[in-house]
Amino acid sequence: MPVHTSRRPPSQEPVGAVARVPSAIPSQPRSGGRPPTDVPARKRKKKRRKDPLWARLTVVFGALLMMTSGIAIVGSKAFINQATGNIAQRNLLGDAGKSDAEGGASLDGPIDMLLLGVDARERWAADDVRADTIIVLHIPASHDQAYLISIPRDTEAQIPAFKKSGYGGGTDKINAAFQAGARNGGGWEGGAQLMAQTIKRMTGISFDGAAIINFGGFKGVIDALGTVRICVSHEVKSHHMSYVDGKPMWNADAKKTGKPMTPVVHKKGCRDMKGWAALDYARQRYGLPNSDYDRQQNQQQLIKAMAKKATENGTLTNPVKLNGLIKAAGKAFVLDTGGVPIIDFIYTMRGVTGNDLTTLRTNGGTFHANASGTKESLSPQTMEMFQAIKNDKLAEFVYSNPNVLSTRK
């Protein structure tokens, strides 16, 4: 694998609006020599249309993952630039970004992105958050399909030393990498960088971009969509929420009322869920047959449901609805496009629709012990799957290994 040298630009404020940056993310400068976003960083396959009206909006990783193509969008390039200016951009990859030999800032080949989900609460310190949702988003060079692959949070990993936070390196569960990188002022930016480096060391995959997704912020996105259609595979009692006087509340807040608490129970079957219910269901792992593996599939299902819903009810053709959706996304995500303007990602992935999101399972969807039988590891089949991602042969791998497909609708 070629040695990567940092080419990432210094932190920039987005164009068109003031970025809404969670307080946990430091506004520290970046180092490196990757060209700024206003300088052409890649060759285009063909000349793009000059018509300022956009005909399609595509799946965009991270902040715009829930928005898909297949429907005409009302608005000019300037409108989209202004709308996406609400999304905070930071250096989330560090040295785990693709080198020039791996494609660098070009979007012509396969695109690999790291999506990290944190369940942060306002009362938690910036360095006391782990990334319990770790998803690799792979888009093949054909740009007509997208795959979501979750890495189990408890997977044993060799976490490299990280100077920014003073972490000396060691062996731990992979979700601890985020916390280790966020310590001592590293913030969420440092946490994401160390996580990306850990995954690169484990799988060999370098990334084109990354996003930190605050699942609490997802509520606003779903509320902007109205509801999402979720099919519950296994009835599960919420570990986090209860009803008080018919109103859903966090258990800690419900206890303070001193009133009777009725558990929130997600019953088996398909239904339209409001934001709080969909997020609460996606958070559950206790009481599910395969614990975190079921949660991984439920979270993938939620992302796909959001992608499908965004194409309904004229959301993408109504400037007011679209603007409200993007503003809500701006509160839920922090983004790293690797020096490429967000708008270029939108155009490049114009061929991917919500129905083209394929969700995959690691370790056959259940716990896989390491050699000693005491900790979790990635199975040989899963390691082959990550190698297929690196070589852009994932479609062939899935065809030969259909058991990796998610069982969620």
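Gain on full extension, evaluated as 0.36 nm per residue between GLU396 and CYS231 minus their Cα-Cα distance, stands at 56.6 nm. Reported value for segment 168-327: 173 Å³ per residue, from the convex hull of its C-alpha atoms. Among 220-231, 89-100, the peptide with the highest mean count of other Cβ atoms within 10 Å heads the list, and the full ranking is 89-100, 220-231. Between the amide H of VAL232 and those of GLY269, CYS270, ARG271, distances stay under 5 Å, these residues lying 5 or more places away or on another chain, with hydrogens modeled in the peptide plane. Rounded to whole numbers, the Karplus 3J(HN,Hα) couplings from phi for segment 88-100 are 6, 10, 9, 7, 9, 10, x, 7, 8, x, 5, 7, 4 Hz, using 6.51 cos²θ - 1.76 cosθ + 1.60 with θ = phi - 60°, and x at Gly and Pro.
Here, each number is a calculation from the coordinates, and none is a lab measurement. Nothing here was measured: the structure is a model prediction, and the numbers come from that model. Reconstructed Cβ throughout: ideal geometry from the backbone, glycine too, with neighbour counts over all protein chains shown.
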